[in-house]
Amino acid sequence: MSDTTAEIARIDAQATAARAALSQTLAQLTERADVAGRIKARTAEVTGQALSAIQDRRNQHLAWLAAGVLVVAAMTFLVRRRS
């Protein structure tokens, strides 16, 4: 019987060690998933800010282009009117 008791104690110790290792691995994976989630959220935020800045800059360029076209049109109108 003592061999059986010793075998049970050994298996129980291995199971306890395995549970501890699995618990630690789960904690690490949870932490990594949390970090990955924060990275993903920050990436989305920065990407949104970059796209907004690009759109603002594009709109500014279009406004300057439209102003230039209006100036050329006005000058053309004035030149033709004088002729």
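The values are calculated or read from the model by the stated rules, or taken from the named source; none is laboratory data. Quick caveat, the model's predicted, so the values are computed rather than measured. Virtual Cβ from ideal backbone geometry, glycine too; neighbours counted across all protein chains shown. What goes into the accessible areas is simple: the full protein's heavy atoms, side chains included, and nothing from ligands, DNA or RNA. Shrake-Rupley method; radii C 1.70, N 1.55, O 1.52, S 1.80 Å.
Considering only 48, 14, 73, whose Cα is most displaced toward the positive end of the charge dipole of the chain, charges sitting on Cβ of Lys, Arg (+1) and Asp, Glu (-1)? Working it through, the farthest residue towards the positive pole turns out to be 73.
Values [x] 6.5; [y] 14.8; [z] 6.1 are given for comparison; mean projected area of the Cα convex hull in nm², derived from the coordinates here, is the one labelled [x]. The residues neighbouring residue 27, those whose beta-carbon lies less than 15 Å from its own, together hold a net charge of 0 under the Lys/Arg +1, Asp/Glu -1 convention. Rolling a 1.4 angstrom probe over the chain with all protein chains present gives an accessible area of which 65% lies on carbon and sulfur atoms.
Once the other residues with Cβ under 15 Å from the Cβ of residue 74 are scored (Lys, Arg +1; Asp, Glu -1), what is the net sum?
Values: positive: 80, 81, 82; negative: none.
Local charge sum for residue 74: +3.
Quick check for you: with a 1.4 Å probe and neighbouring chains kept, what is the accessible area per residue of the chain, in Å²?
That works out to 91 Å² per residue.
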